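K.L.:
Pasting a structure below so you can have a look.
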Amino acid sequence: MNIAEGASLASTLDKDQDWWRGAVIYQIYPRSFQDSNGDGIGDLRGIVQRLPYIASLGVDAIWISPFFTSPMKDFGYDVSDYCDIDPMFGSLADFDAVVETAHRLGIKVMIDLVLSHTSDQHLWFKESRVDRDNDKADWYVWADPKPDGSPPNNWLSIFGGSAWQWSTQREQYFLHNFLSSQPDLNFHEPAVQDALLDVARFWLHRGVDGFRLDTINFYVHDAELRDNPALPPEKRNDTIAPRVNPYNHQDHLYSKNRPENLAFLRKLRAVMDPFNAAAVGEVGDSLRGLQIIGEYTAGNDLMQMCYAFEFLSGTQPDAAQIATVMTAFDDAAAEGWACWAFSNHDVKRHPTRWNLSPAAQRLFVTMMMCLRGSVCIYQGEELGLPEADVAFDDLQDPYGIEFWPEFKGRDGCRTPMVWEPSNAHGGFSTAPRTWLPVSHEHMHMSVGQQEDDPGALVHHYRRAIAFRAAHVALIKGDHDAVTSKGDIVYFTRSHDGEDIFCAFNLSDSPSEFALPKGNWEPIGSELGGAHVSADGHLHLGPWQPCLAKRAAG
Ligand code: BGC
Ligand code: MG
């Protein structure tokens with residue numbers, strides 16, 4: 001440990017080591033949050049301006065999607081310099097202002113490290129591709145063609161086509177799990193691991209509290225480059241890629257999910273621990289996501305939490321499915337900790353994806369605040385924004401351009417935030433044109449309008465977040481078996497003598513229900529919680545919760 005790490009250690013010792021457990025994390029997609037310099041693209045100074053709003057929601061932390069130097073082929077998930085800010089987002093001084101302002105407002109800052117791959121414009125790759133014996137020759141995954149010139153194996157890119165791209169310079173193929181401009185780093189090379197750990201150190205020294213780690217199960221590939229087996233149609237699902245994507249036709253045993261990932265995650269955790277920093281690792285796998293989360297969050301020397309895809313899929317989960325997911329998580333990851341999300345920058349916004357009524361949107365967030373795990377909410381979710389309709393001519397996302405129109409890509413969830421109805425671009429920007437158009441449908445749902453309307457969804461989000469914050473059992477507690485009965489899913493969260501019973505009617509029809517034995521006092525009336533009759537009998541209206549606290553005696 002060096003002197004700076006020691007000093008930081010001393011200053012963090014008195015803080016809550018467990019701050020991440022049960023935290024509510026607000027995801028900012030910086031291109032679309034707030035533009036401060038009138039270029040039509042959101043930026044770091046814009047985030048500084050809007051941090052008081054985020055603080056007013058009562059969240060514990062922000063996760064900021066990538067703002068590093070990048071040619072923006074995948075909108076920042078293609079990094080060409082890990083230790084600098086892309087000029088379109090500002091400067092390192094602007095980033096310091098984000099951290100300082102967030103900390104003053106009591107908000108932790110998590111940044112999005114994309115370590116599995118770089119941009120092809122990164123100096124490491126430019127050097128690596130020159131020939132087979134330069135200093136960085138083994139920093140990426142290079143392989144000779146088969147004798148017939150075809151790619152070394154059958155691995156597929158999520159964004160379409162083979163995962164191998166030919167380099168005329170080196171006369172070899174290189175691996176890419178995403179765009180061909182996102183070459184995959186070779187984690188079998190120790191110098192690569194060391195360089196990436198230095199990236200983490202750089203940002204920890206700058207004051208970040210943690211990381212959202214992109215695609216952590218993709219870090220290491222099979223050194224023997226074995227073919228992935230085919231997946232029969234009945235085993236395919238759309239958890240991480242749309243149904244029309246042939247990526248779903250393989251079991252990705254060798255291109256990702258390798259056991260060697262664990263050793264790197266342990267090294268990364270050791271770098272983070274002196275700073276009291278926490279990570280949420282993104283685990284994308286359609287077959288064994290929960291099992292991998294279990295492996296990656298076990299014990300105290302790996303990831304604190306992993307980002308789960310279970311509630312990001314196409315169909316609205318009913319009571320039985322919620323019970324199944326939570327039970328499967330307990331079975332696969334008894335010691336582990338999930339981070340749940342309904343929406344993010346990669347999927348259709350959930351009110352549209354699940355076709356939710358306003359009442360259903362309210363109940364879903366109330367339930368999310370009661371689930372065991374941490375929670376990510378995605379900018380604009382608190383306004384109930386539907387997926388924006390983006391015309392083909394306005395598309396930016398290469399994933400959508402590739403699979404259009406069966407899959408329209410990710411632009412519809414990435415359009416700018418709406419702050420004020422009066423301004424041409426909803427208060428997002430003063431530019432003549434913004435990088436993606438502001439949705440007309442969103443205009444009448446702006447923050448400004450909702451603040452003035454006591455019945456608006458944003459106030460419900462605040463109340464649901466505050467409800468969780470007021471009950472340690474909801475933040476850190478265990479739960480008994482998550483059970484479904486008809487349209488109702490229920491469980492009890494417990495911590496340190498506090499027991500909170502939670503039941504949710506996930507349907508348009510009323511339901512009747514009996515509370516578990518004991519003396520329960522209803523709470524959460526501000527969330528529309530049901531009244532409990534003296535005999536413990538409950539009538540749950542459509543999309544109504546019942547929240548109750550075990551009374552003493
Ligand atoms: C990110 C995506 C990105 C991909 C490649 C993901 O899981 O969330 O936005 O395109 O990783 O970095
Ligand atoms: Mg700007």
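The values are calculated or read from the model by the stated rules, or taken from the named source; none is laboratory data. Since the structure is predicted, the reported quantities are computational estimates derived from the model, not experimental observations. Neighbour counts are summed over all protein chains in view; Cβ atoms, including those assigned to glycine, are modelled from backbone coordinates with ideal geometry. For accessibility, only protein heavy atoms count, side chains too; no ligands or nucleic acids. Shrake-Rupley method; radii C 1.70, N 1.55, O 1.52, S 1.80 Å.
K.L.:
State whether the residues of the stretch 104-115 include one that is under 26 Å from the mean Cα position of the chain (by Cα), free of Cβ contacts under 8 Å to residues at least 12 places away in the same chain and more than 16 Å from ligand 2 (Cβ to nearest atom). Break it down stepwise before answering.
P.N.:
Keep residues of the stretch 104-115 that are under 26 Å from the mean Cα position of the chain (by Cα), which gives 104-115.
Retained after the next criterion (residues that are free of Cβ contacts under 8 Å to residues at least 12 places away in the same chain): 104.
Still in the running and more than 16 Å from ligand 2 (Cβ to nearest atom): 104.
Yes, the stretch 104-115 contains a residue that is under 26 Å from the mean Cα position of the chain (by Cα), free of Cβ contacts under 8 Å to residues at least 12 places away in the same chain and more than 16 Å from ligand 2 (Cβ to nearest atom).
K.L.:
Take the residues in the stretch 380-429 that are among the aliphatic types (A, V, I, L, M) and in a loop (DSSP other than H, G, I, E, B); name whichever of them is farthest from Pro30 (Cα to Cα).
P.N.:
Filtering first and then ranking leaves Ala391.
K.L.:
Count, please, the residues in the stretch 384-414 that happen to be surrounded by 18 or more Cβ atoms within 10 Å (Cβ to Cβ) and β-branched (Val, Ile, Thr).
P.N.:
1
K.L.:
While we're looking at this one, here's another question. Looking only at the stretch 225-246, which residues are aliphatic (A, V, I, L, M), open to solvent by less than 50 Å² (accessible area, probe 1.4 Å) and touching a strand residue (DSSP E or B) at 6+ places or on another chain (Cβ under 8 Å)?
P.N.:
If the condition is that a residue be aliphatic (A, V, I, L, M), open to solvent by less than 50 Å² (accessible area, probe 1.4 Å) and touching a strand residue (DSSP E or B) at 6+ places or on another chain (Cβ under 8 Å), then Leu225, Leu231 are the ones that fit.
K.L.:
Then there's this: Please work out which residue is farthest from the chain's Cα centre (by Cα), limiting yourself to the stretch 315-325 and to residues that are open to solvent by 30 Å² or more (accessible area, probe 1.4 Å) and of a type outside the set (Ser, Thr, Tyr). Lay out the reasoning, then the answer.
P.N.:
The initial filter retains those residues of the stretch 315-325 that are open to solvent by 30 Å² or more (accessible area, probe 1.4 Å), namely 315-316, 318, 320-321, 324.
Of the ones still in play, those that are also of a type outside the set (Ser, Thr, Tyr) are 316, 318, 320-321.
Numbers: Gln316: 18, Asp318: 22, Ala320: 24, Gln321: 21 Å.
If we take residues in the stretch 315-325 being open to solvent by 30 Å² or more (accessible area, probe 1.4 Å) and of a type outside the set (Ser, Thr, Tyr), then Ala320 is farthest from the chain's Cα centre (by Cα).
K.L.:
Can you tell me which of (1) surrounded by 17 or more Cβ atoms within 10 Å (Cβ to Cβ); (2) assigned to a strand (DSSP E or B) is the one Glu521 doesn't meet?
P.N.:
Status for Glu521: all satisfied but (1).
K.L.:
Those residues that are within 16 Å of ligand 1 (Cβ to nearest atom) and open to solvent by 10 Å² or more (accessible area, probe 1.4 Å), I need them from the stretch 333-352; list them, please.
P.N.:
Asp346, Val347, Lys348
K.L.:
Being under 26 Å from Thr297 (Cβ atoms) and of a type in the set (S, T, N, Q) is true for just one of Asn344, Asn423, Asn355. Which residue is that?
P.N.:
When all the criteria are applied, what remains is Asn344.
K.L.:
Among the residues of the stretch 71-90, write down those that are within 15 Å of ligand 2 (Cβ to nearest atom) and among the small types (Gly, Ala, Ser).
P.N.:
Gly76, Gly90
K.L.:
Moving on. On the given criteria, is Phe504 in contact with a Phe, Trp or Tyr (Cβ under 9 Å, 6 or more places away or on another chain) and either outside any loop (DSSP other than H, G, I, E, B) or on the phi > 0 side of the Ramachandran plot (or both)?
P.N.:
So Phe504 passes the test.
K.L.:
For Ala93, are the conditions met, namely being farther than 19 Å from Trp419 by Cβ, without any contact (Cβ under 8 Å) to a residue 12 or more places away in the chain and within 16 Å of ligand 2 (Cβ to nearest atom)?
P.N.:
yes
K.L.:
So, one more: Given the condition more than 18 Å from the chain's Cα centre (by Cα) and closer than 26 Å to Ser439 by Cα, answer yes or no: does some residue in the stretch 327-349 qualify?
P.N.:
Checked against the condition, which is being more than 18 Å from the chain's Cα centre (by Cα) and closer than 26 Å to Ser439 by Cα, the stretch 327-349 yields no hits at all.
K.L.:
Another question, if that's okay. Please specify each residue of the stretch 430-450 satisfying the condition of being farther than 19 Å from Asp43 by Cβ and assigned to a loop (DSSP other than H, G, I, E, B).
P.N.:
The answer is Ser439, His444, Met445, Ser446.
K.L.:
Still on this structure, please answer the following. I want to confirm something. Restricting to the stretch 256-290 and keeping residues that are in contact with a Lys or Arg (Cβ under 8 Å, 6 or more places away or on another chain) and over 18 Å from Val114 (Cα atoms), which single residue is most open to solvent (accessible area, probe 1.4 Å)?
P.N.:
Leu287
K.L.:
Another question, if that's okay. Contact list please: Cβ distance under 6 Å, first residue in the stretch 122-145 and within 17 Å of Thr168 (Cα to Cα), second residue aliphatic (A, V, I, L, M) and not in a loop (DSSP other than H, G, I, E, B), pairs at least six apart or on different chains.
P.N.:
The qualifying pairs are Val141/Leu175.
K.L.:
Can you name the residue in the stretch 347-374 that is touching a Ser or Thr at 6+ places or on another chain (Cβ under 8 Å) and in a loop (DSSP other than H, G, I, E, B) and is also nearest to Arg50 (Cα to Cα) among such residues?
P.N.:
Out of the qualifying residues, it is Arg349.
K.L.:
If you don't mind, another one. Kindly list the number of the only condition in (1) assigned to a loop (DSSP other than H, G, I, E, B); (2) surrounded by fewer than 22 Cβ atoms within 10 Å (Cβ to Cβ); (3) not aromatic (Phe, Trp, Tyr) that fails for Met303.
P.N.:
Result: Met303 passes all but (2).
K.L.:
State which residue pairs qualify: first residue of a type outside the set (Phe, Trp, Tyr) and inside the stretch 245-273, second residue in a helix (DSSP H, G or I) and open to solvent by 40 Å² or more (accessible area, probe 1.4 Å) in any location, beta carbons under 8 Å apart, and separation of 6 or more residues or different chains.
P.N.:
Asp251/Lys235; Leu262/Glu295; Val271/Arg201
K.L.:
Are any residues in the stretch 87-102 surrounded by fewer than 22 Cβ atoms within 10 Å (Cβ to Cβ) and under 22 Å from the mean Cα position of the chain (by Cα), and if so, which ones?
P.N.:
Listed by number, the list holds a single entry, Val99.
K.L.:
Which one of Ile465, Ile475 is open to solvent by less than 10 Å² (accessible area, probe 1.4 Å) and of a type in the set (Val, Ile, Thr)?
P.N.:
Being open to solvent by less than 10 Å² (accessible area, probe 1.4 Å) and of a type in the set (Val, Ile, Thr) holds for just one of Ile465, Ile475, which is Ile465.
K.L.:
Since Pro454 meets every condition but one in (1) modelled with pLDDT of 95 or more; (2) surrounded by 16 or more Cβ atoms within 10 Å (Cβ to Cβ); (3) assigned to a loop (DSSP other than H, G, I, E, B), which condition does it not meet?
P.N.:
So Pro454 meets the others, but not (2).
K.L.:
What is the residue count in the stretch 462-483 for residues that are under 27 Å from Glu382 (Cβ atoms) and assigned to a strand (DSSP E or B)? Step through it out loud before you land on a result.
P.N.:
Pass one, the stretch 462-483, residues under 27 Å from Glu382 (Cβ atoms): 462-477, 479, 482.
Imposing the further condition that a residue be assigned to a strand (DSSP E or B) reduces the set to 479.
Adding up the residues that qualify gives 1.
K.L.:
Test of understanding: among Ile293, Ile377, which residue is assigned to a strand (DSSP E or B) and crowded, with 19+ Cβ neighbours inside 10 Å?
P.N.:
Ile377
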